[in-house]
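Let me begin by presenting the structure, written as C-alpha cells, before commenting on it.
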Amino acid sequence: MDVKTLQQKLKTGDIAPLYLILGEETALQETARSLFAHLLTADEKTMNYAHLDMTTATVGDLLGEATAMPFLGERRVVVATQPEFLTGNAGKDQLKEDIDGLTAYFAHPSESTTLVIAAPYPKLDERRKIVKQLRKNAVLIDAQQVPAGAVGAQVAEQIRTAGYQIEEDALNLFLRKSDASYSRMVTQLPKLYLGSLPDKVISLPLVRDLVPNTLTDNVFSVTDALAQQHVGEAVRVYQELLANQEEPLRLNALLVSQFRLLVQTKILSRKGLSQMAIAKELSVHPYRVKLALRSVHSLSLTTLIACFTELIHNEVLFKSQQPDPMLLFLRVVHHLSVPAGKSVG
C-alpha cells in the first residue's frame, strides 16, 4: 500500500503487527515512520517505543525489543532502520541463531508489538529465508522513488491537501531547481508555505528566492546559456562553479548528461514525437523535455553532436591528465560558432 493508505488505516485503528517499508524515497520513508511513532502518546513512548539503527544494533537486540511485553500500555512500537542483513550487502556480522530467531518471529509476530522494518533500498535479497518470511507476513509500504514524470503532480497534490496553491510556472521552476526529486521538494515545502502567507499562493518569485539551486540546475544554466548563444553568461557561471571548488570532472559529467538529452530530444523531435512522447521515451520529466526543445530549436544536430563528442573527449582527458578545465570548456563553446563541416583545431 502507499503511505496515504497507511495513514488512513492507522487512523481507524487497523494496525498490523509487522510492516516493511521498502524503497529509496527518503520523504516517504520518513513520513511512514512518523505515522508509527504517533501511535503512542508521549508518555507511552518513554517505555514502549524503540528505534534501532541496524548498522550498529544486532539482530539479537531487535528480537529482544520485538518480543518484550508492553509496560503500562497495550502496545509497543519497534522501528528498525538500515536493515542491511536483509540485503545482498550483509554488512555487520549477525549470529545465525539470531537470524533464525527473527525469521521465526516474522512467521508469528507478537500482537502486542508493531514491528516496522524500514528498508531504504530498491530491493532485498529475495533468496534469503528471512526475507521470504518477512515478505509473506508483513504489510508492504511502498516507498520506492517517485518517477520523474509523476513528481510534479504528487507535489502539487500535497500542496493542495495542505491548503495551499502553487502557480504553474512556480511548480515548473521548483521541479527544475530540485532535479525533479520528490524528497528534495518535500523538504523545501515548509518554508514555501511560510513565505506564501497570508494568501497561501506559492509564486514564481517565491520559488526563485527560497529554493536553492542544485549543482545540476547550475549546470543547466550553463547549457541553456550556450543554447541561447549567451556565451559570456555560460562562461561566467562555469567560472563561478570552478571558483566554488566544484570538481571539474563532475561538472563535465553533468554537461555530458545535459547535451545527451539535447541530442536525443533533437533526434526524437525530428521524428515527429511530441513533448510527452519524448519524455516517456527518455524516462525524464516532461518539463525537462520542454526546456530541451526550446534549447535545441536554434542549434543543428551536427553542432549538438560536436559539443557532446567534445565533452566525452574531455572526460577522458580529466581522467588521464590534469588539464585546464576552462580551456576544455572553451573548446566545447567553440563548436557553437563553428560552421557545420568544420573542425576545431
What's the number of the only condition in (1) open to solvent by 20 Å² or more (accessible area, probe 1.4 Å); (2) hydrophobic (A, V, I, L, M, F, W, C); (3) in a helix (DSSP H, G or I) that residue 6 fails to meet?
(1)
Is one or more of the residues making up the range 70-87 open to solvent by 20 Å² or more (accessible area, probe 1.4 Å), among the aliphatic types (A, V, I, L, M) and on the phi > 0 side of the Ramachandran plot?
yes
Could you tell me whether the range 221-235 includes any residue that is open to solvent by 70 Å² or more (accessible area, probe 1.4 Å), closer than 30 Å to residue 318 by Cβ, assigned to a helix (DSSP H, G or I) and of a type in the set (D, E, K, R)?
yes
Extreme residue, modelled with the lowest pLDDT, among residues of the range 271-285 that are assigned to a helix (DSSP H, G or I) and buried (at least 20 other Cβ atoms within 10 Å of the Cβ)
279
Any hit, the range 93-109, residues being open to solvent by 20 Å² or more (accessible area, probe 1.4 Å), within 25 Å of residue 24 (Cβ to Cβ) and touching a Ser or Thr at 6+ places or on another chain (Cβ under 6 Å)
no
So which residues in the range 153-203 are part of a loop (DSSP other than H, G, I, E, B) and on the phi < 0 side of the Ramachandran plot?
162, 164, 167, 178, 181, 196, 197, 198, 199, 203
Is there any pair with a first residue in the range 194-208 that is closer than 10 Å to residue 167 by Cα and a second that is β-branched (Val, Ile, Thr) whose Cβ atoms are under 6 Å apart and which are 6 or more apart or on different chains, and what are they?
202/166
Residue 268 meets each of (1) open to solvent by 30 Å² or more (accessible area, probe 1.4 Å); (2) without any contact (Cβ under 8 Å) to a residue 24 or more places away in the chain; (3) part of a helix (DSSP H, G or I) with one exception, condition (1)
Residues located in the range 1-33, provided they are over 20 Å from residue 131 (Cβ atoms) and of a type in the set (Gly, Ala, Ser)
13, 27
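Conditions (1) at pLDDT 90 or above; (2) over 19 Å from residue 253 (Cβ atoms), marked per residue:
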| residue | (1), (2) |
| --- | --- |
| 290 | no, yes |
| 301 | yes, yes |
| 314 | yes, no |
| 339 | no, yes |
| 343 | no, yes |
Here the qualifying pairs (Cβ atoms under 8 Å; residues six or more apart or on different chains; first in the range 163-182 and farther than 22 Å from residue 197 by Cα; second aromatic (Phe, Trp, Tyr)) come out as 176/220; 176/287; 180/287
Condition first: in contact with a helix residue (DSSP H, G or I) (Cβ under 6 Å, 6 or more places away or on another chain), at pLDDT below 90 and buried (at least 16 other Cβ atoms within 10 Å of the Cβ). Can you find one or more residues in the range 55-69 that meet it?
no
Within the range 14-33, which residues are closer than 16 Å to residue 77 by Cβ, open to solvent by 10 Å² or more (accessible area, probe 1.4 Å), β-branched (Val, Ile, Thr) and not in a loop (DSSP other than H, G, I, E, B)?
31
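The values are calculated or read from the model by the stated rules, or taken from the named source; none is laboratory data. Nothing here was measured: the structure is a model prediction, and the numbers come from that model. In this analysis, Cβ positions are derived from the backbone assuming ideal geometry, glycine residues included, and neighbour counts consider all displayed protein chains. Please note that ligands, DNA and RNA were not included when accessible areas were found on the heavy atoms of the full protein model with its side chains. Shrake-Rupley method; radii C 1.70, N 1.55, O 1.52, S 1.80 Å.
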